[in-house]
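The values are calculated or read from the model by the stated rules, or taken from the named source; none is laboratory data. In this text the structure is predicted, and so the values were computed from the model without any measurement. Virtual Cβ from ideal backbone geometry, glycine too; neighbours counted across all protein chains shown. All accessible areas refer to the heavy atoms of the entire protein, side chains included, with ligands and DNA or RNA removed. Shrake-Rupley method; radii C 1.70, N 1.55, O 1.52, S 1.80 Å.
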Amino acid sequence: MADNVENKPREERNNSRPLRLQTLIRLRWLAVCGQSVTVFIVAAWLNFPFPVFGCGILIGSLALVNVYLAVRYPATYRLTPASAAVLLAFDLLQLSALLFVTGGLSNPFAYLVCVPVIISFASQPVRYSAVLIGIAMICVTVLAVSPFPLPWYEGIQVSVHSVMQFGVWCSIASTMIFAAFYTYRVSMEANQLADALAATELVLQREKHLSQLDGLAAAAAHELGTPLATITVVAKEMERELQNDDRFREDVQLLRSQSERCRDILRRLTSLSAEGERHMSRLNLSSMIDEVLAPHRDSGKELELVERSPRKGEPIIERNAGMIYGLGNLVENAVDYAERKVTVTVRHDAQHVIITIEDDGQGFAPDILTRIGEPYVTKRQKEDIAGGLGLGLFIAKTLLERSGATLDFSNRDPEAAGACVRVEWPRFLLDSNSTK
């Protein structure tokens, strides 16, 4: 099953992407330029009194660290989570110190303390990001008690009431927490989707590789046919010349018989490929269903096939490895969760082809029904059964939807407990005899 995942905690696995140092350096140069321009405008244009020298030292320290990192490491270097956390913490402390000497929370740029935290939650493991948001909360609290006034016109001191200071603190803290959580969830879901789609492509490649083996067999038979024919001719000549020589007669006969055997094997390979080209590339609906159900006949659960439509006139389908894999995965999930029986119902008419897969298990939990088809949704109501509704179901759903199917997941009637999956195609998408 493709549902198996590593033992590493999923939150960390899905939200841990090595941050490229060059990206962080460029963001820091942007911060250096922005801080420098702001200080220049406030000091030279507005002529507001404030500790320009101290601000210059803080901005210069950020620039120096940036220069060191750019020289010390190559542009393609990727940071470990610990290293990224240290650099983001340095950025947070440098910005907080700059805000501290320029009015604290009275400074309109105080909300920028959220930026390093958001970057961390978007790309780093949760444990490092949690430490960073803790540091940010401490910094915001210290900024609230800054003794430095907000730079303003000389002789006028901007005074912010303590209640307003507390309101700003709450605003920054809530913004930071909300933005961090939102970024974390979006990033985690994007990574889950990317991983699941990558797994889907691997499944498709594997199925296509298996379907191409008959072509390789034909190529091998063709290439080996000529040298084997030569060996057979030489063996016949040797048998005719040495048939009266008791020393070599048995060996030559063995050589000829084995060459004939090889020719028979190559002939079967060639005919197998030819049959695959003519027949295996197309199959009727009932044959496809039999192929899907065959691996689960000996599962220990009763597997019932109900055909609501006659086989006469059933659609002829181009073999689709992804579709067969997807239906097989749905059947496997049903078998895993069934108590005793799985029922597969097949119907077709002039417009639609419908396959319904039902089991007599506990069914889907109500909160899971709204999320089925997302990667890593892994629970039904029976908590003691592992697997079945995670990445494998996402892959199955994706592959079937690529073939044009519409999937509907539901629970059976209250009188008949269990889950029900309905897969429906427009007939013209499946039937190779239809006019498309």
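Data overview
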quantity	calculated
In nm, spacing of pseudo-spin labels at R240 and R20 (7 Å Cα→C-beta vector)	7.2 nm
FRET efficiency, 1/(1 + (r/R0)^6) with R0 51 Å, evaluated for S432 and Q253 via beta carbons	0.50
Nitroxide proxy distance, nm - points 7 Å out along Cα→Cβ at F178 and S281	5.9 nm
Modelled FRET efficiency - R0 60 Å, T370 with V32, Cβ distances, 0.05 increments	0.80
Segment 20-81 - accessible surface per residue (Å², probe 1.4 Å)	61 Å²
Spin-label model distance (nm) - V65 vs V126, 7 Å beyond Cα toward Cβ	2.7 nm
S146 long-range amide H proximity, modeled H, under 5 Å	L105
